[in-house]
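The values are calculated or read from the model by the stated rules, or taken from the named source; none is laboratory data. Treat the numbers as computed from the prediction; the structure is a model and nothing was measured. So basically every Cβ, Gly included, is an ideal-geometry build from the backbone, and we count neighbours across all protein chains shown. Surface accessibility is based on the protein's heavy atoms, side chains included, excluding ligands, DNA and RNA. Shrake-Rupley method; radii C 1.70, N 1.55, O 1.52, S 1.80 Å.
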Amino acid sequence: MGIVLTTLQLQILSAKAKGETSAEIARKLLGKNSARPVDNRLKTIFRRLKVDNIEDAIKATIHELGPPKERLDGITEDQMRIVRYVALEGLSSTQIAFRMFFSVSNVGYHIEQIYAKSGCRSRAHLIAVYLKHHAN
């Protein structure tokens, strides 16, 4: 793997692919009212990937990840909720546990099961796979 993006960078790409504005993303992921931090991160992403738009950034990210299973089928409803919390809201295991009324260790177990079923190796990889299947 050549270029590695952070989880936050992948979450920004995911949100942009869903049509969210930079200001909405800044409020949701960074707790800021200004769009500038998100726009600056997007510029960094584009520069690192040598692209100039969201679609090409997503394609480049998916290409970098290579061909593991990269599928989200076989994942339970609760596991899919966890994937969405990670990919769309950037929540930690503790925050997910609070939202779902699970223990933190139970969330950790589900994340390990998601990795095994999807072929993902990290939260960043999971976000990219989610993007690949839901960014249309």
Listing of helices (runs of 4 or more DSSP H) fully contained in segment 1-103 that carry 1 or more residues being modelled with pLDDT under 90 and within 18 Å of S122 (Cβ to Cβ): 7-17, 36-49, 54-65
Looking at (1) within 13 Å of I12 (Cα to Cα); (2) open to solvent by 60 Å² or more (accessible area, probe 1.4 Å), which one does R81 not meet, given that it meets all the others? (1)
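Name the residues in segment 104-131 that are in a helix (DSSP H, G or I) and closer than 19 Å to I12 by Cα, would you?
R123, A124, H125, L126, I127, A128, V129, Y130, L131
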